[in-house]
Structure formats: structure tokens, C-alpha cells
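Okay, so here's the structure we're looking at.
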Amino acid sequence: MSKNNWTRDQTIVALASYCKIPFNLVSSRHPEVIKISQIIGRSPNAVKMKIGNFGSFDPELRSRGIVGLANTSELDEVVWNEYSKDWERLAYESEMLKAKFLNQTLEDFVGIGTTDFPEGLDRMAMAKQRVNQSFFRSSVLASYNQKCCITGLNIPELLVASHIVPWSIDTQNRTNPCNGLCLNALHDRAFDAGFISVSMGYKIVVSEELKSFVSNVAVQDLIQKCDGKDLLLPDRFSPSKEFLEFHWANIFKK
């Protein structure tokens, strides 16, 4: 493993991993840490330490009394300031860099074949779309520690990184983790349909329209009982109140 100073490319890849791993689970034995160390040519412990460095710049961690490592570099801060406000760029460039470290194309790195493309979509466009979707899901689920923010369900296969402002409406925040909620599949559909929303005080609000289903026991047990319940907030990337206001005003069935 290299003993030299960290490069900018290595640091960008590490920042993407910071977003994808729950901060309390970062260790030199974490599969993502080991994978990244092999790609960029650093030891797992060095990658773990670098991820810890980024925690020092995260205002949400500081507000919760959680501090990262103190041995940060000027490059760490430069990369944090540059990419922490441009999530789509971070998602795309970090995967491009991983492919470059492995002497692969991005398309090959993310497993894009040469056939069966949707009309009008080429390999690079599909690769970028897959990269963005994967980054968003990984970052949102990691920030909520792989738990539904309404029910606490912690089976990843049943969880969805749900956009607060829909993907099709806000192209600038498609990969912004603060535009996401970790929901189970049922409540994700209910949120998208406007049957539930989240107040500015981070409480679940159930639409009055569901009163027409008041006799349905399943509706009562699975949705109605959530009304007024506190949202389980993430360690990082708390849902933006600006995005919640949009959902409340434009999607929620009042």
C-alpha cells in the first residue's frame, strides 16, 4: 500500500464512501472500506481514517455532539467544500475515478452491457443514471442506519430511498441525500401518492382522504396509526424543510 500523501482522486472516492456507510459502522473491517482500499491502493485503516476526517466537517454530526477525527488535511476540506453541495457531481466523478483506478470504462465498471437500451439512451447515459440512483439509495439508507424512518423496519430489501421532491420535477436535487427519506415499500407508495407527508416539525401527517377507508383494518393498522408520530431522524443528511414544504404544498392530499 502507498505511503505517499493522499491524492485528490483518492480523496474524492473516500468522500463518496463517507456518504454510503453509516458513520457509526465505519471500521477497517467494513466491506465497503475494504473494497475502496483495494481500488485506490490504500490500506483499510487509512480509508477508515480518511472517512473519519470528513466527519469533522459535517455540521449535522457536530450538532449531535458527534465529532470526526482531528487529523484532517487542507485537501480534505477543499474536497468537502467542493462536493458537499454538488451531490450529482460527486456520485458521477467518484465512480468514474474508481473505473479509472481499475483501468475500466464507467460502463463496464457499473455493468452496462451493449444491448437492450431504452430508446434514445446510450451506454454512458444509462451508466450515469445507474450511478446516480445507486448513490442516492446508498446515501439515504446509510444516513438512516438502514431503518425505515416511520416504522423502524430494518430489512434493506424492503426499504426504498424515497424522493421528497420527485426525481422528474427537480433535476438539480436528484442525488441530494437531503431530498430523501428511508421508507418501507408501502409507506413509500403512500408518500408518493400524497396520503402521508411530513410536517416542518418532523411529524408524520396522514391525509384526511384516508377517512373513507376508516373501516379497513389494514389501513388503520399500517397507515392511520402513524398520524402524529415523530419521524425517526437520520444521523446525517436530515430531510430539507424546503423539500418537505414542496411535498406538503404540491403532493400531499389535504
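Please list, ordered by first then second residue, the pairs with beta carbon atoms under 7 Å, 6 or more apart or interchain, first in region 205-232 and in contact (Cβ under 8 Å) with a residue 24 or more places away in the chain, second part of a helix (DSSP H, G or I). The qualifying pairs are L222/L186; I223/A190; I223/L210. Which residue is farthest from L244 (Cα to Cα), if the candidates are limited to region 197-206 and must be open to solvent by less than 50 Å² (accessible area, probe 1.4 Å) and outside any strand (DSSP E or B)? Among them, the one singled out is Y202. On the given criteria, is R29 over 19 Å from D235 (Cβ atoms), open to solvent by less than 30 Å² (accessible area, probe 1.4 Å) and not in a helix (DSSP H, G or I)? So R29 does not fit the description; no. When every residue of region 122-140 is checked against the conditions, at least one turns out to be β-branched (V, I, T), closer than 19 Å to T171 by Cβ and modelled with pLDDT of 95 or more. Among the residues of region 158-195, those identified as assigned to a helix (DSSP H, G or I), open to solvent by 60 Å² or more (accessible area, probe 1.4 Å) and over 20 Å from K229 (Cα atoms) are L158, T171, Q172.
Among the residues of region 142-157, what is the count of those that are of a type in the set (F, W, Y) and open to solvent by 60 Å² or more (accessible area, probe 1.4 Å)? Reasoning before the result, please.
At the first step, the residues of region 142-157 found to be of a type in the set (F, W, Y) are 144.
When the remaining residues are screened for being open to solvent by 60 Å² or more (accessible area, probe 1.4 Å), the result is none.
Selection size over region 142-157: 0.
The C-beta contact set for region 164-181 (first residue within 13 Å of C149 (Cβ to Cβ) and modelled with pLDDT of 90 or more, second residue of a type outside the set (K, R) and open to solvent by 40 Å² or more (accessible area, probe 1.4 Å), distance under 8 angstrom, 6+ apart or interchain) comprises I164/F246. Taking region 63-96 as the search range and keeping residues that are over 19 Å from the mean Cα position of the chain (by Cα) and in a helix (DSSP H, G or I), which one is surrounded by the fewest Cβ atoms within 10 Å (Cβ to Cβ)? So the residue we want is E74. The set of residues in region 207-228 being modelled with pLDDT of 90 or more, of a type in the set (G, A, S) and surrounded by fewer than 13 Cβ atoms within 10 Å (Cβ to Cβ) consists of G228 alone.
Would you call S139 open to solvent by less than 20 Å² (accessible area, probe 1.4 Å) and in a helix (DSSP H, G or I)?
Details: open to solvent by less than 20 Å² (accessible area, probe 1.4 Å): yes; in a helix (DSSP H, G or I): yes.
Yes.
Looking at Q224, is it in contact with a helix residue (DSSP H, G or I) (Cβ under 7 Å, 6 or more places away or on another chain) and farther than 30 Å from L90 by Cα? Taking the combined requirement at face value, the residue satisfies it.
For region 229-254, enumerate the residues that are open to solvent by 30 Å² or more (accessible area, probe 1.4 Å), assigned to a loop (DSSP other than H, G, I, E, B) and in contact with a strand residue (DSSP E or B) (Cβ under 6 Å, 6 or more places away or on another chain). Matches in region 229-254: K229 only.
The values are calculated or read from the model by the stated rules, or taken from the named source; none is laboratory data. All values reported here derive from a predicted model rather than from experimental measurement. When we count neighbours, we look across all protein chains shown, and the Cβ atoms used for this are built from the backbone with ideal geometry, even at glycine. When the accessible area is computed, the model is the full protein with side chains, heavy atoms only, and any ligands, DNA or RNA have been set aside. Shrake-Rupley method; radii C 1.70, N 1.55, O 1.52, S 1.80 Å.
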